[in-house]
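Engineer: Sharing a structure with you now.
Please treat every number below as a calculation from the coordinates, not as lab data. No experiment lies behind these values; they were computed from the predicted model shown. For neighbour counting, all protein chains shown are included, and Cβ atoms are generated from backbone atoms with ideal geometry for every residue, glycine included.
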Amino acid sequence: MAALVLAAAGCGDTGPAATAKDFIQAAFENDCATLFDLSSSSSLGGQPREDAIRECEESDLRGQLFGAIGEVKLEDFETLQEDIGVGGDTAMVRARLSMKIGEAEQSVEQDFRLVMEDGKWKVDL
């Protein structure tokens, strides 16, 4: 579930890195609809979209991802590497997420696996 925690978008960009960034931003903002719209169908485990969003909204997503560590803000999402597979329907994005946790700052590297579904990149958890 920690992988859910990390992404944010570039103005109109629709590539894998932009999708990963949007995904992480949605996780940080507890934006369940966007989070699930950017998730691959296999990530949802066949659960209907509306049910998945309702379940997410009823849960403490930030608490699940970060624990009881206080206020967490995404400060920066830096794409370190973006590789699109030979067939063009899979991608891997490595990013550095800079966060502010309370008064402390922390950076972590996170890998995102993405798949192309219906002409759009989706994060595959």
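Engineer: Considering region 101-110 alone, what residues qualify as being loosely packed, with under 14 Cβ neighbours inside 10 Å, of a type outside the set (Asp, Glu) and touching a residue at least 24 places away in the same chain (Cβ under 8 Å)?
Structural biologist: ILE101, GLY102, VAL108
Engineer: Counting just the residues of region 77-100 that are charged (D, E, K, R) and surrounded by 12 or more Cβ atoms within 10 Å (Cβ to Cβ), which one comes out nearest to PRO16 (Cα to Cα)?
Structural biologist: GLU82
Engineer: With the requirement that a residue be buried (at least 19 other Cβ atoms within 10 Å of the Cβ) and more than 21 Å from GLU82 (Cα to Cα), what does region 20-30 give you?
Structural biologist: PHE28
Engineer: Let me ask you something else. Mind checking which pairs have a first residue in region 72-96 that is touching a residue at least 40 places away in the same chain (Cβ under 8 Å) and a second that is in a strand (DSSP E or B) and hydroxyl-bearing (Ser, Thr, Tyr), Cβ under 7 Å, 6 or more apart or different chains?
Structural biologist: So the pair list comes out as VAL93/THR79; ALA95/THR79.
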